[in-house]
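Working notes, structure below.
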Amino acid sequence: MLPECRQSDYLFQVPKFEIKANDVENFTNEFNGYHDIFHDCFQRTESREHFYRYMAGQFLELERKSIEPIALKVKNGNVRAMQRFVSDAWWDDDQILSKYRNEVNNDMGDQDGVLIFDESGFQKKGTDSVGVSRQYCGSIGKVDNCQVGVFAAYASPNGYALIDKRLFIPEKWFTDEYEERRNKCKMPVDMTFKTKPQLARDMFLDIKEEGVLPFKYVTADTIYGSSPDFIDTLEYLPDVTYFVSLPGDSLCWLKMPATVEKKYKYRGKEKTKKILKKKNEKKPVPLSQLAETTNDYFWYKRKVSEGAKGPIEYEFSKRRVVLSKDGLPDKTVWLVLKRTISNDPTYYYYVSNALSSTRLETFVWLSGIRWAIEQCFEETKSELGMDHYEVRKYRGWNHHILTCMLGHFFLWHLKIKLGEKNTSYYAIAA
């Protein structure tokens, strides 16, 4: 359901992808036109045909949308040929993404757009799939054997869509012990380990450099908000406003503490370092302590969404703070606090480089906008089989996820194009 803080005349409920008998021909014609956009991203006619069949199969009502069920269901499908196409064939992935983001911009582009970064886990059996490891899997909320993808989504008053992806490869996969698995999975030989925030940073820079999708805000979860790599990149661009989560043990001051340069000698050389000016200067406090001691006067109740049992509300507070880094003042930011309404509330913490004049309502809205990427994950998995894949190679994972992203946006395109006339598209002629 759509949280109230995200409602406007241009946002609408998630479409229901059901099909009516008299819609199939029009759906197929629309899909043919969409497919033609990517015609020159493949070198061979056979590849274009496999691309069409594989994407088409993701719209079919199949219990499992992996390669074999799709190939057996679509017209002229061939299991082995489609397996080779998805896992081994060359695609111009960069050109596909560029064309795709142009289409997203045509339908959803807005100057106040939001980039959202988050991850999604894919449970796996065995140890042969690229990047698989025992790690935290957000889709089930615990550590399990899985692959993890880092994603970028775009949200605007016109809709939302996934616009980029990276497969997270755990560091142990780059050791000598995993050389044979790397070779079997056809991982690029020049690939190096990158953290999830570093992968998000790379996607952000690619999207920004491409300059196709306009956006004003960037939001992300705690793992990204806590990363200097990620935050420093966002701060380098003056026209970007970020709103990111932080853990409760992050430290801050309510006022900028005074510092001085202190000289000292190290191995015979004179050096300087910055220290707090006064020995009795107040120490930074955890965000959790600040939240728990904030007077009720400064908390504002806001309705975030309408639940099955009534309105869902939180209390919010905001104040300017100075973040601590290595025991010294770092940067002045907005601290936005959110808590559940109960005798024993749960607290959430966000920081933002927004202008000092930014009102609380903007932060309330930003605190809920990550809902859009969560919907992307839910819809691509439940409707298009994003988590049904059985490919093991690096190229296969990227190709499968990419087609799911394309298919998800295509359904949104129909929704946006047709407005309220019909929201029941789901299948395509086999």
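The values are calculated or read from the model by the stated rules, or taken from the named source; none is laboratory data. Note that the coordinates shown come from a computational prediction; the quantities given were computed from them, not determined experimentally. Neighbour counts run over all protein chains shown; Cβ positions are idealised from the backbone, glycine included.
Here are a few things to note about the model shown:
- Filter result (free of Cβ contacts under 8 Å to residues at least 60 places away in the same chain, within 17 Å of Val150 (Cβ to Cβ) and β-branched (Val, Ile, Thr)) within region 184-215: Thr192, Thr195
- When residues of region 352-362 are limited to those that are under 21 Å from the mean Cα position of the chain (by Cα) and not in a loop (DSSP other than H, G, I, E, B), the one nearest to Val150 (Cα to Cα): Ser352
- Residues satisfying the stated conditions in region 126-172, i.e. aromatic (Phe, Trp, Tyr) and either without any contact (Cβ under 8 Å) to a residue 40 or more places away in the chain or over 19 Å from Val218 (Cα atoms) (or both): Tyr136, Phe168
- Entry remark, region 84-100: residues being buried (at least 22 other Cβ atoms within 10 Å of the Cβ) and under 19 Å from the mean Cα position of the chain (by Cα) number 1 in total.
- For region 215-238, a residue qualifies if it is of a type in the set (A, V, I, L, M) and closer than 18 Å to Ala354 by Cβ, and the qualifying residues are Val218, Ala220, Ile231, Leu234, Leu237.
- Some residue of region 84-98 being small (Gly, Ala, Ser) and closer than 23 Å to Lys216 by Cβ: yes
- Taking region 237-276 and the strands (runs of 3 or more DSSP E) fully enclosed by it, the elements with 2 or more residues that are within 13 Å of Val333 (Cβ to Cβ) and in contact with a helix residue (DSSP H, G or I) (Cβ under 6 Å, 6 or more places away or on another chain) are at 241-245.
- Test set (1) crowded, with 20+ Cβ neighbours inside 10 Å; (2) in the same structural domain as Asn105 (by TED's automatic domain parsing) - Glu210 fails condition number: (1)
- In region 322-351, the residues that are assigned to a loop (DSSP other than H, G, I, E, B), over 19 Å from Lys301 (Cβ atoms) and touching a Ser or Thr at 6+ places or on another chain (Cβ under 8 Å): none
- Matching residues in region 345-375 - criterion: being at pLDDT 95 or above and either among the basic types (Lys, Arg) or over 13 Å from Phe243 (Cβ atoms) (or both): Pro345, Thr346, Tyr347
- Elements of the type helices (runs of 4 or more DSSP H) sitting completely within region 56-133 and holding at least 1 residues that are within 14 Å of Ile207 (Cα to Cα) and at pLDDT 95 or above: these cover 93-108.
- All positions within region 239-251 that are buried (at least 17 other Cβ atoms within 10 Å of the Cβ) and farther than 13 Å from Ser352 by Cβ: Ser250, Leu251
- Within region 67-101, restricting attention to residues that are touching a Gly at 6+ places or on another chain (Cβ under 7 Å) and among the small types (Gly, Ala, Ser), the residue that is farthest from Glu209 (Cα to Cα) is Ala71.
- Test result for Arg181, more than 21 Å from the chain's Cα centre (by Cα), touching a residue at least 24 places away in the same chain (Cβ under 8 Å) and surrounded by 15 or more Cβ atoms within 10 Å (Cβ to Cβ): yes
- Residue count for region 219-236 satisfying the condition of being outside any loop (DSSP other than H, G, I, E, B), under 19 Å from Thr332 (Cβ atoms) and among the small types (Gly, Ala, Ser): 1.
- Filter pass, Phe204 being in contact with a Gly (Cβ under 6 Å, 6 or more places away or on another chain), buried (at least 16 other Cβ atoms within 10 Å of the Cβ) and either among the basic types (Lys, Arg) or over 24 Å from Val285 (Cβ atoms) (or both): no
- For region 325-347, a tally of residues being surrounded by 19 or more Cβ atoms within 10 Å (Cβ to Cβ) and in contact (Cβ under 8 Å) with a residue 24 or more places away in the chain returns 6.
- Scanning region 363-411 for residues that are under 30 Å from Trp334 (Cβ atoms) and outside any helix (DSSP H, G or I) yields a count of 2.
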